[in-house]
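What follows is a set of notes on a single structure, which appears directly below.
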């Protein structure tokens, strides 16, 4: 039981990464447009984030250094500043979208104005973060997000043609720009920079040492595998229900329709409840990640465990990111569109996020006996090559497809 409880950090990081507001709609759209043909891209992203998350957690546990500390140390001030600016913009957009997503789910559950729920969501998150310890935050949102397991039950209930599903795990050779755009989006959603920043900083928050390396592996491989399984379930459920009808989901409420169709009001409420926890967890992930990055780059005292008195600038910066997120969410821009753009734009920042991690994790003079072995080195560089290719393709595909609009 203790071992199971220890994967909470991986669960909240995974659910926040795979199942934030943009990915909930993005993955569902992928299934609606291409049925099961993009399942392989989900798996590709899951394996990639698991590999890099294990590295970031191992570096944090062995060296006591989180990702952004490593980025500045390895890239220097200039490139490090560029990585900080890029990640901060993406994180801020994500915070705004997640707050908007919480408001949308609350709108679906209760009859009240959207703007009121955006403010309510921000206040609720501030209160929760103020009252709960870091471990408590992980467990509340990580395990609350497990309500989304109703997606897996829905897939089993639908009974899709499993041969067709299996073929979706084999990469398609389609040259359609829209298809390639969704490949980039699905893959990028799995490796969002804030996931690595939150995960490694969370390891420092929890005081990980070399004794926690087994726990790190459990978090990375089980936690992210669970997030990936739920994402696969969304693709299948959407492909089964929406693709034959030619329906393209464009809002958060549509995502829950397969669960309602399978289990009625109970399925709908479970899906909306799970989405509420997932999106709220992503809001905390991304807002904390933004504050971690700024504090670590500027050399401030940081950490939820230190509290406002010992880390006042870190706490103040976190509140600023939440307030800015509220302002953007209330600007009238669709929060789903905000996140879809941030997901694709984030892939451009991925090389600056994961290259320093790969270099440090493989440096025996720094990591000693805990440096990458041959297998981790091979897959780390293989995935980095994929990241570079997708980073170069992301903006042209974004423009060519009008942000996925065809």
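The values are calculated or read from the model by the stated rules, or taken from the named source; none is laboratory data. Keep in mind that what you see is a predicted model, and the values were worked out from it rather than measured. So basically every Cβ, Gly included, is an ideal-geometry build from the backbone, and we count neighbours across all protein chains shown.
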Helices (runs of 4 or more DSSP H) contained in segment 1-82 and holding at least 1 residues under 30 Å from residue 176 (Cβ atoms) and at pLDDT below 80
8-18, 21-34
Some residue of segment 194-214 being part of a helix (DSSP H, G or I) and over 17 Å from residue 53 (Cβ atoms):
yes
Considering only residues that are over 18 Å from residue 107 (Cα atoms) and modelled with pLDDT of 90 or more, which ones fall in segment 262-283?
262, 263, 264
Residues in segment 319-370 that are within 15 Å of residue 289 (Cα to Cα), at pLDDT below 85 and surrounded by fewer than 19 Cβ atoms within 10 Å (Cβ to Cβ) total 0
Any chance you could count how many residues in segment 234-276 are closer than 17 Å to residue 155 by Cα and outside any helix (DSSP H, G or I)?
2
If I filter segment 328-337 for residues that are free of Cβ contacts under 8 Å to residues at least 60 places away in the same chain and assigned to a helix (DSSP H, G or I), do I get at least one hit?
no
Condition first: more than 14 Å from residue 83 (Cβ to Cβ) and outside any helix (DSSP H, G or I). Can you find one or more residues in segment 379-392 that meet it?
no
Subset of segment 285-302 (residues that are modelled with pLDDT under 90, surrounded by fewer than 24 Cβ atoms within 10 Å (Cβ to Cβ) and assigned to a helix (DSSP H, G or I)):
297, 298
State whether the residues of segment 218-233 include one that is in contact with a helix residue (DSSP H, G or I) (Cβ under 9 Å, 6 or more places away or on another chain), assigned to a helix (DSSP H, G or I), free of Cβ contacts under 8 Å to residues at least 60 places away in the same chain and surrounded by fewer than 24 Cβ atoms within 10 Å (Cβ to Cβ).
no
Counting only residues in segment 39-68 that are surrounded by fewer than 24 Cβ atoms within 10 Å (Cβ to Cβ) and over 17 Å from the mean Cα position of the chain (by Cα), the one nearest to residue 384 (Cα to Cα) is identified as 40
Condition test on residue 86, is it surrounded by fewer than 24 Cβ atoms within 10 Å (Cβ to Cβ), in a helix (DSSP H, G or I), at pLDDT 85 or above and within 21 Å of the chain's Cα centre (by Cα)?
yes
Restricting attention to segment 270-301, which residues are without any contact (Cβ under 8 Å) to a residue 60 or more places away in the chain and over 20 Å from residue 123 (Cα atoms)?
295, 298, 299, 300, 301
For residues in segment 303-313 being in contact (Cβ under 8 Å) with a residue 12 or more places away in the chain and over 22 Å from the mean Cα position of the chain (by Cα), which is nearest to residue 127 (Cα to Cα)?
305
For segment 101-185, list the helices (runs of 4 or more DSSP H) that sit wholly inside it and hold at least 2 residues that are over 21 Å from the mean Cα position of the chain (by Cα) and surrounded by 18 or more Cβ atoms within 10 Å (Cβ to Cβ); which are they?
150-158
